Amino acid sequence: MKTNPVRYSSAVGEVWVMVTLKVKYCHNIFDKRAIREYADAVLVEALEFYGIRWRKKSFDSNHVHITLDMGIYSKPQIAKKLKGYTAPLILREFWWLKSRLFRGGGFWNPATDGRSGDMDFYSRYLDKQKYASAAQTTVLAFA
């Protein structure tokens, strides 16, 4: 039993999930290193801005997986926060993406997958992604 749960105002909660954010139209834009590294940086910025605890993230050609603590947020709230924070920054930095690949607007696919369960299994799964890196963990992963 956990003796010191995370507290969010008057609510207490901790729900670890693997969230998947997929690029709209399945464009393989994360194969471009500059875009992948920038997306990685703004995702970390978004997670810190909203105070969302996370352990690991891993990129593939057209999506990113993140293991995070949803706390008292719902899956749509987490998706809205992360997508809403990152998409404008990515499209502003790589302005040519919007005109060439995302003419209909938006960067992320509207669908979001979030699943709980055996987090060790998901951690191993993230290690097998195309652009997995052991360096993509936080101090929380060692707590």
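Values in this text are rule-based calculations from the coordinates and carry no lab data. Computed from a predicted structure; not experimentally measured. Quick reminder, even Gly has a Cβ in these numbers, built from the backbone with ideal geometry, and neighbours come from all protein chains shown.
A few points about this structure:
- The range 83-98 - residue that is more than 17 Å from the chain's Cα centre (by Cα) and surrounded by 12 or more Cβ atoms within 10 Å (Cβ to Cβ) and, of those, farthest from residue 39 (Cα to Cα): 98
Condition check ((1) among the β-branched types (Val, Ile, Thr); (2) under 15 Å from residue 115 (Cα atoms); (3) crowded, with 16+ Cβ neighbours inside 10 Å) across all residues:
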site	(1), (2), (3)
38	no, no, yes
41	no, no, no
48	no, no, no
54	no, yes, yes
60	no, no, yes
66	yes, yes, yes
73	no, yes, yes
80	no, no, no
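- Residue count for the range 99-123 satisfying the condition of being more than 17 Å from residue 63 (Cα to Cα) and of a type outside the set (S, T, N, Q): 9.
- Residue within the range 91-110 that is of a type outside the set (Lys, Arg) and within 18 Å of residue 13 (Cβ to Cβ) present: no
- Pairs are defined by a Cβ separation below 8 Å, a sequence spacing of at least 6 or placement on different chains, a first member in the range 64-81 that is touching a residue at least 60 places away in the same chain (Cβ under 8 Å), and a second member that is aliphatic (A, V, I, L, M) and surrounded by fewer than 18 Cβ atoms within 10 Å (Cβ to Cβ); the pairs so defined are 69/6; 69/15; 71/6; 71/15; 72/11.
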